[in-house]
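A short worksheet on the structure shown next.
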Amino acid sequence: MTKSGYIAIIGKPNVGKSTFINAFIGETISIITRKAQTTRDKILAVYTDENTQIIFLDSPGIHISKKEINQFMLKEAISAIKDADLVLFLVEYNNSQMDKVNKKILDYTLSKNKPIILLINKIDKYKTPVKMLEAIDFWKKQADFNEIIPISAFKGFNQKLLLKEFKKYLPEHPFYYPTDFLTDKDERFIISELIREQILLLTHEEIPYDSAVVIDKFLNIENNITVDATIVLARESQKRVILGSKGTMIKKIRENAQENAINILNKNIKLKIFVKIDKNWSTVNEKIEKLGYSNKTDLSDFL
Ligand SMILES: Nc1nc2c(ncn2[C@@H]2O[C@H](COP(=O)(O)OP(=O)(O)OP(=O)(O)O)[C@@H](O)[C@H]2O)c(=O)[nH]1
Ligand SMILES: [Mg+2]
């Protein structure tokens, strides 16, 4: 009998959720940056071996804010918890405090009777093993976790050991997806994320959070892909920054995203990028839905 189930990765922004999933699967599925709130959508990443299939759900870092785009992101994270057979709760070595947000995530997950494994990430940053033992001790007192495992998603971890732990909590079930299935996201989504990744890496302040990327045209002829994409911004003044002096910024965004897309998708890709203003899009519900950010999850039992 095979084991197959859903594992949600939940935690505050920037703790390394996407890094962990990409490393576990061995592919670039989610974008990773130094900035908080990099992941916007619930992204499925599938691990398959002879007798186990794990459907990882990467989720946006939990950040509580009234802004509509943030409410969408929160719904994506909460719906991942609801879908999960097991929740991986990620915390970072240096924020191992039970702050309000972590407490909310934990209480909510426990109220849904989900098993929780606590992963204490970024242990490569510990100067001494004593610090790590202190962190483990601290978290032990916070809740009755099914397991507590320190890891470094960055420097590598013992995949075999984690797999063994995860499997304990997965139901016996036929595989949900074909054995070669990797993610629910298509090439259009991946290219739009690679563009957003460059915006996150190259611009600052509110611009990454007020940017969305839509794919207007996607043509694939014998592995030659032509893509027209538009960066949607919330304010006129942001356009100047995205274009840069003499168009240098948009050129850099386009070149880097195109190069990454070619390497990740292993296809010949020609990318064109346009820029458009959709005034205050990130704070207007109808506008974020039009840009593809729609999730009907009820947040009343979380907030
Ligand atoms: N030192 C160290 N850095 C790490 C580790 N794991 C992730 N990082 C870094 O932490 C930053 C955030 O990583 P992400 O994977 O994007 O974090 P996330 O939790 O998905 O963030 P959001 O999508 O914003 O919620 C990146 O700069 C990573 O390189 C780790 O084990 N050690
Ligand atoms: Mg992420």
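Read-outs: derived from the displayed coordinates by stated rules, not from any lab. The shown structure was predicted, so the numbers you read here are calculated from the model rather than taken from an experiment. All Cβ positions, even for glycine, are placed from backbone atoms using ideal geometry, and neighbour counts span all protein chains on display.
Restricting segment 30-54 to residues that are crowded, with 21+ Cβ neighbours inside 10 Å and of a type in the set (G, A, S), which is nearest to A80 (Cα to Cα)?
A45
State yes or no: is K287 surrounded by fewer than 16 Cβ atoms within 10 Å (Cβ to Cβ) and either in contact with a strand residue (DSSP E or B) (Cβ under 9 Å, 6 or more places away or on another chain) or not in a strand (DSSP E or B) (or both)? Quick ask: steps written out before the conclusion?
Numbers: surrounded by fewer than 16 Cβ atoms within 10 Å (Cβ to Cβ): no; either in contact with a strand residue (DSSP E or B) (Cβ under 9 Å, 6 or more places away or on another chain) or not in a strand (DSSP E or B) (or both): yes.
Against the criterion (surrounded by fewer than 16 Cβ atoms within 10 Å (Cβ to Cβ) and either in contact with a strand residue (DSSP E or B) (Cβ under 9 Å, 6 or more places away or on another chain) or not in a strand (DSSP E or B) (or both)), K287 does not qualify.
Looking at segment 185-282, what strands (runs of 3 or more DSSP E) fall wholly within it and have at least 3 residues that are within 23 Å of Q71 (Cα to Cα)? Spell out the reasoning first.
On the way: elements: 212-221, 224-233, 268-277.
The strands (runs of 3 or more DSSP E) meeting that bar are 212-221, 224-233.
Testing E92 on (1) over 21 Å from F189 (Cβ atoms); (2) away from ligand 1 (no atom under 11 Å from the Cβ); (3) of a type in the set (D, E); (4) within 16 Å of the chain's Cα centre (by Cα), one condition comes back false. Which one is that?
(2)
List the number of the failed condition for Q53; all other conditions in (1) among the polar types (S, T, N, Q); (2) more than 8 Å from ligand 2 (Cβ to nearest atom); (3) within 10 Å of the chain's Cα centre (by Cα) hold.
(3)
Scanning segment 30-50 for residues that are out of contact with any helix residue (DSSP H, G or I) (no Cβ under 9 Å at 6 or more places or on another chain) and not in a strand (DSSP E or B), which turns out nearest to ligand 2 (Cβ to nearest atom)? Walk me through it before giving the result.
If we filter segment 30-50 for residues that are out of contact with any helix residue (DSSP H, G or I) (no Cβ under 9 Å at 6 or more places or on another chain), which is where we start, we get 36, 44, 48, 50.
Adding the requirement that they be not in a strand (DSSP E or B) leaves 36, 50.
Working: A36: 9, E50: 29 Å.
For segment 30-50, the residue satisfying everything is A36.
Of everything in segment 56-83 that's of a type in the set (A, V, I, L, M, F, W, C) and part of a loop (DSSP other than H, G, I, E, B), which residue is nearest to ligand 2 (Cβ to nearest atom)?
Looking only at segment 56-83, we keep the residues that are of a type in the set (A, V, I, L, M, F, W, C), and these are 56-57, 62, 64, 69, 72-74, 77-78, 80-81.
Okay, now just the ones that are also part of a loop (DSSP other than H, G, I, E, B), so 62, 64.
Numbers: I62: 11, I64: 17 Å.
Checking each candidate, the answer is I62.
Quickly run through segment 84-125 and pick out the residues that are assigned to a helix (DSSP H, G or I) and buried (at least 17 other Cβ atoms within 10 Å of the Cβ).
Going residue by residue through segment 84-125, those that are assigned to a helix (DSSP H, G or I) are 93-95, 100-111, 123-125.
Result: Y93, N102, I105, L106, Y108, T109, I123.
If I filter segment 41-61 down to residues being in contact with a strand residue (DSSP E or B) (Cβ under 9 Å, 6 or more places away or on another chain) and within 8 Å of ligand 1 (Cβ to nearest atom), which single residue comes out as nearest to Y177 (Cα to Cα)?
Filtering segment 41-61 for residues in contact with a strand residue (DSSP E or B) (Cβ under 9 Å, 6 or more places away or on another chain) gives 41-48, 51-59, 61.
The next check asks that each one be within 8 Å of ligand 1 (Cβ to nearest atom); those that pass are 58-59, 61.
Details: D58: 17, S59: 20, G61: 26 Å.
Result: D58.
Quick check on segment 1-29: of everything there that is surrounded by 18 or more Cβ atoms within 10 Å (Cβ to Cβ) and without any contact (Cβ under 8 Å) to a residue 60 or more places away in the chain, which residue is nearest to ligand 2 (Cβ to nearest atom)?
Looking at residues that are surrounded by 18 or more Cβ atoms within 10 Å (Cβ to Cβ) and without any contact (Cβ under 8 Å) to a residue 60 or more places away in the chain, I get S18.
Consider L265 carefully, then state whether it is within 21 Å of T38 (Cα to Cα) and touching a strand residue (DSSP E or B) at 6+ places or on another chain (Cβ under 6 Å). I'd like the intermediate steps shown before the answer.
On the way: within 21 Å of T38 (Cα to Cα): yes; touching a strand residue (DSSP E or B) at 6+ places or on another chain (Cβ under 6 Å): no.
The answer is no for L265.
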